[in-house]
Amino acid sequence: MTTVNRKEFVSDQEVRWCPGCGDYAVLAAFQSLMPQLGIKRENTVIVSGIGCSSRFPYYVDSYGLHSIHGRAPAIATGLATTRPDLAVWVVTGDGDALSIGGNHLIHALRRNVNITIMLFNNRIYGLTKGQYSPTSEVGKVTKSTPAGSVDTPFNPLSLALGAEATFVARTVDSNRAHLTEVLTAAIAHRGASLVEIYQNCPIFNDGAFDDLKAGPGLIPLRHGEPITFGPDQSQGVVRSADGSVRVVDVAQVGLEAILVHDAHASDPSQAFAISRLTDSGVLRQAPIGIFRNVERPAFDDAMRAQVSMPAPEERLAALQALVSGQDTWTVA
Amino acid sequence: MTNVRNIDRVVIRFAGDSGDGMQLTGDRFTADTAAIGNDFSTLPNFPAEIRAPAGTIAGVSSFQLHFADFDIRTPGDRPDVLVAMNPAALKANLRDLPRGAVIVADTHDFTTRNLAKVGYAANPLEDGSLGAFQVHALDLTGMTVGAVAAFGLGRKEASRSKNMFALGLLTWLYSRPTEGTEEFLSRKFASKPQIRDANIAAFRAGYAFGETTEAFTVRYEIAAAPMPAGTYRQISGNTALSYGLMAGAAKAGMPLYLGAYPITPASDVLHELSKAKHHGVTTFQAEDEIAAVGAALGASYGGALGVTSTSGPGVALKMETISLAVMLELPLVICDVQRAGPATGMPTKTEQADLFQVLYGRHGEAPVPVLAAQSPGDCFDIAVEAVRIALHLPHSGDSCCPTATWPTGPSRGWCRTCRRCPRSTPASPPKPTARTASSSPTCGTRSWLGLGPSPAPQAWSTGSAASRRPTRPATSPTIRTITSSWSSSAKPRSTASPPICPPWWWTTQALSGASRPTCSSSVGARPTGRSRPPCAESG
């Protein structure tokens, strides 16, 4: 048995993202991760839509499809339902998945198709050279919004949780270890997994996550542990009387009052509440980690269970009987 | 004494309210006509409303049947006979009748209220306005209620058999056999003996009324049409299309995968194939038209035969994915069961206006073979042929678009399962001669299904692995082979190639001089490595 190394997942294609693009980090993490998982490249398919992130399949030496704008989850659904032996990844971005392909995303999630979706969120349209995206903050000044955008952005994880997703997580391009850990959990989940990856666009939205990464704003979620963060874990998350959650000083309320994260809770309410801690404007605070990871029968398994194929020699005979029907007459 | 007159053809239209059972009446009359051996063509026409208001013009449902003792091609334009169950049915159809046409009207529903509902100031059956026609104003409902009185049904229930009374009368008038309908009713209402007996009684009463009344002085006979020998069945275009797709997939030894979004009049294909899961058919009801074709393409990428069925508005939405299929050189069959009109159009009306869309609807250069069925029965052959082209098209196993034209819609017709392939006639004129027996013995549906061995056995995998990790160890990662049980070849071996003759009309019209798609990157390779190496490797 030969061991698989990282290089086998590196294609001969020149990587053509802009210098400094956060996509490089995700690609490198992915190429290192795959051999560790023991998934052969010939059993790996990466389906992408359109956008900067959707160039991803070119750079991985596996099977892949650079499809059309927004439709990757639909194509991946057909592939995953047809082939139980494949690890099917969807690589998409905030425009591809949340704008033009929003419908396919929510339906793939609620069906729980056995695919792993990496949603690269740079909060901007990069490939079309800098228009605001469905995750851009209100007031975003871009070429298409010189007076500032007036659209309220999506919170992708709130959307996914509302769409009955069984695996919802967030990570950042700059934290290789966290990225690897979250993606490993995502691919291990049977069913649809959505991983939002905060990814910096150095050309059209540089520094969109700087305030988040520089300050104490990242709130790491670990299943079974109290949700604390910041210097010396001095801040924590507690539940309010109305069911929402808020950030407090741990010293003021005591560690025992801090909310313990339960990613396996069947009810998504708490995960949703935690997802609302994400700033919708300039990002200064956002939880990262696995928000929700629950088991539910995968769509494609259930679908295949209903289908059976007659033996090749019986197939045409069965079909002939069907075509003939029960009510025939003969003309001599 | 009733005279019997031999005629060569007649067009009959049954018309009534949506709930009057006109489609069933037409179906039965058609079946009895088939039993006699007439050639025929049918046109069902029903409202788009699920439950249209009773007695209104919008709620009129009709079924037209054209039958003859010779080869006919259309359901006819002008009915010789109109059976009108209410004033709305009369008003909606009157303008189609030629002078001298026969009108059989149920006087029971020609009430002041019903007449006013459709704008008749006076009863047209009585005011002389129908002088140009032979009008038989009969209380069909009243006679029906009388005929079924013995079965203890309520008046409303009893009157519901009036369509069978009308059918019995027409069955007598055109000398049709009665056994088929009686057997049908016995079968259909086997679990409801009261209803069964009432319907049979109404049917017999209608027949007997024809025999005994002096209203009809002439009874007609239409001789059997010369038909090729063989076994026949009744089939709708959508059913024939579904069976043809299954036959094509079976001959190729591939699983069939239908991605579809419900749309009239194509939904029947989704329904039919959804019943065939034990034939290796997977159906996926997608969230929209684009997802439906996307999933079909994804399935093709995985080695199944991807198919999507829709109507004109859906084809418009699928175009980008169809051109992707062309570019990726993946097999895909798109069925356009045409409706009428632009935008949403008219779902329950048929038209043949999508040809330009399917030929030229894609941006860039994305040539797609386009096939058009010429009858409901032909939908079977056309579907098989579409599958064959999609899988065998040289260098571009690309998509193929059988345009199911008019007869494939809600219209019904007859499939000769023994019929020979119209396209087996070499260099015939553009219109395939389906009604002419071909000299080629190889292209009939029956022989087609009975052809030699299917491709190498490919077991259907229904495995549900516990995780997405492959179960086999990574033995030789340099060989691009998927360790799937049925991925040995996405394309059938050449020995499985059906002997259907090339449809010269698309090769010359749709693909003439078309540039072949090329593949220039590593993306887009089919994950069935051995049979089709990735493009990067093949250059």
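Here's the yes/no breakdown for (1) touching a Phe, Trp or Tyr at 6+ places or on another chain (Cβ under 8 Å); (2) surrounded by fewer than 22 Cβ atoms within 10 Å (Cβ to Cβ); (3) within 11 Å of another protein chain (Cβ to nearest Cβ); (4) more than 27 Å from B:Met164 (Cβ to Cβ):
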residue: B:Glu211; (1), (2), (3), (4): yes, yes, no, no
residue: B:Val218; (1), (2), (3), (4): no, yes, no, no
residue: B:Met227; (1), (2), (3), (4): no, yes, yes, yes
residue: B:Ile235; (1), (2), (3), (4): yes, no, yes, no
residue: B:Ala240; (1), (2), (3), (4): yes, no, yes, yes
residue: B:Ala247; (1), (2), (3), (4): yes, no, yes, yes
residue: B:Leu256; (1), (2), (3), (4): no, no, yes, yes
residue: B:Asp268; (1), (2), (3), (4): no, yes, no, no
residue: B:Ser274; (1), (2), (3), (4): no, yes, yes, yes
- Is it the case that B:Met319 is open to solvent by 10 Å² or more (accessible area, probe 1.4 Å) and in contact with a Gly (Cβ under 6 Å, 6 or more places away or on another chain)? yes
- Message: Every residue in the range B:317-357 that is in a loop (DSSP other than H, G, I, E, B) and of a type in the set (Ser, Thr, Tyr), please.
- Response: B:Thr344, B:Thr348, B:Thr350
- Among the candidates A:Gly20, A:Gly95, A:Gly64, single out the residue that is part of a helix (DSSP H, G or I) and either more than 7 Å from every other protein chain (Cβ to nearest Cβ) or without any contact (Cβ under 8 Å) to a residue 40 or more places away in the chain (or both). A:Gly95
- Of the residues in the range A:198-218, those that are of a type in the set (A, V, I, L, M), under 30 Å from A:Leu255 (Cβ atoms) and out of contact with any helix residue (DSSP H, G or I) (no Cβ under 8 Å at 6 or more places or on another chain) number 2
- Task: Select the strands (runs of 3 or more DSSP E) contained entirely in the range A:176-257, then report the ones holding at least 2 residues which are within 30 Å of A:Leu86 (Cα to Cα).
- Result: A:193-198
- Item | the range A:28-56, subset assigned to a loop (DSSP other than H, G, I, E, B) and either under 17 Å from A:Arg176 (Cβ atoms) or within 11 Å of another protein chain (Cβ to nearest Cβ) (or both), residue most open to solvent (accessible area, probe 1.4 Å) | A:Ile50
- Counting only residues in the range A:288-305 that are in contact with a His (Cβ under 9 Å, 6 or more places away or on another chain) and not aliphatic (A, V, I, L, M), the one farthest from A:Thr228 (Cα to Cα) is identified as A:Glu295
- Message: Within the range A:67-90, take every residue that is at the interface with another protein chain (Cβ under 7 Å from one of its Cβ atoms) and part of a helix (DSSP H, G or I) and give me the one that is farthest from the chain's Cα centre (by Cα).
- Response: A:Thr82
- Of all residues in the range B:366-395, how many are at pLDDT below 90 and not hydroxyl-bearing (Ser, Thr, Tyr)? 7
- Among (1) within 24 Å of the chain's Cα centre (by Cα); (2) open to solvent by 10 Å² or more (accessible area, probe 1.4 Å); (3) within 7 Å of chain A (Cβ to nearest Cβ), where does B:Ala296 come up short? (2)
- Message: Can you go through B:Leu125, B:Leu90 and tell me which one is under 18 Å from B:Ser18 (Cα atoms) and touching a residue at least 12 places away in the same chain (Cβ under 8 Å)?
- Response: B:Leu90
- When every residue in the range A:1-17 that is closer than 26 Å to A:Ile203 by Cα and not small (Gly, Ala, Ser) is compared, the one farthest from the other protein chains (Cβ to nearest Cβ) is A:Trp17
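Results for (1) open to solvent by less than 70 Å² (accessible area, probe 1.4 Å); (2) in contact with a strand residue (DSSP E or B) (Cβ under 6 Å, 6 or more places away or on another chain); (3) touching a residue at least 60 places away in the same chain (Cβ under 8 Å), shown as yes or no for each residue.
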{"site": "A:Pro231", "(1), (2), (3)": "no, no, no"}
{"site": "A:Val238", "(1), (2), (3)": "yes, yes, no"}
{"site": "A:Gly243", "(1), (2), (3)": "yes, no, no"}
{"site": "A:Glu256", "(1), (2), (3)": "no, no, no"}
{"site": "A:Ala265", "(1), (2), (3)": "yes, no, no"}
{"site": "A:Arg284", "(1), (2), (3)": "no, no, yes"}
{"site": "A:Ile288", "(1), (2), (3)": "yes, yes, yes"}
- Note on the range B:156-180: residues more than 13 Å from B:Val145 (Cβ to Cβ), assigned to a helix (DSSP H, G or I) and not small (Gly, Ala, Ser) are B:Asn163, B:Leu167, B:Leu169, B:Leu170, B:Thr171, B:Trp172, B:Leu173, B:Glu179
- Note on the structure: Scanning the range A:307-328 for residues that are in contact with a Phe, Trp or Tyr (Cβ under 7 Å, 6 or more places away or on another chain) and in a helix (DSSP H, G or I), the one farthest from the other protein chains (Cβ to nearest Cβ) turns out to be A:Leu322
- Return the total of residues in the range A:290-306 being more than 7 Å from every other protein chain (Cβ to nearest Cβ) and either assigned to a helix (DSSP H, G or I) or open to solvent by 60 Å² or more (accessible area, probe 1.4 Å) (or both). 6
- Is there a residue in the range B:83-95 that is among the hydrophobic types (A, V, I, L, M, F, W, C), surrounded by fewer than 19 Cβ atoms within 10 Å (Cβ to Cβ) and over 23 Å from B:Ala34 (Cα atoms)? yes
- Item | Answer from A:Ile274, A:Ile288, A:Ile203 - the residue that is touching a Cys at 6+ places or on another chain (Cβ under 6 Å) and modelled with pLDDT of 95 or more | A:Ile203
- Task: Determine if the range B:74-81 includes at least one residue that is touching a Leu at 6+ places or on another chain (Cβ under 8 Å), open to solvent by 20 Å² or more (accessible area, probe 1.4 Å) and not in a helix (DSSP H, G or I).
- Result: yes
- Filter the range B:32-47 for residues that are farther than 26 Å from B:Phe110 by Cβ and open to solvent by 20 Å² or more (accessible area, probe 1.4 Å); which is farthest from the other protein chains (Cβ to nearest Cβ)? B:Ile36
- Task: Considering each of B:Ala122, B:Ala137, B:Ala105 in turn, give the residue that is open to solvent by 40 Å² or more (accessible area, probe 1.4 Å) and touching a strand residue (DSSP E or B) at 6+ places or on another chain (Cβ under 6 Å).
- Result: B:Ala137
- Message: I'd like the full set of residues that are surrounded by fewer than 16 Cβ atoms within 10 Å (Cβ to Cβ) and touching a helix residue (DSSP H, G or I) at 6+ places or on another chain (Cβ under 9 Å), limited to the range A:15-27.
- Response: A:Val15, A:Arg16
- Message: If A:Asn103 meets every condition in (1) within 14 Å of chain B (Cβ to nearest Cβ); (2) open to solvent by 10 Å² or more (accessible area, probe 1.4 Å); (3) in a loop (DSSP other than H, G, I, E, B) apart from one, which number is that one?
- Response: (3)
- Task: Considering (1) more than 12 Å from every other protein chain (Cβ to nearest Cβ); (2) open to solvent by 20 Å² or more (accessible area, probe 1.4 Å); (3) not basic (Lys, Arg), say which one B:Gln285 fails and leave the rest.
- Result: (1)
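The values are calculated or read from the model by the stated rules, or taken from the named source; none is laboratory data. The model shown is predicted, which means the values in this text are computed figures rather than measured ones. Cβ sites come from the backbone with ideal geometry, for glycine too, and all protein chains shown count toward neighbours. Ligands, DNA and RNA are excluded from the accessible area calculation, which covers all protein heavy atoms including side chains. Shrake-Rupley method; radii C 1.70, N 1.55, O 1.52, S 1.80 Å.
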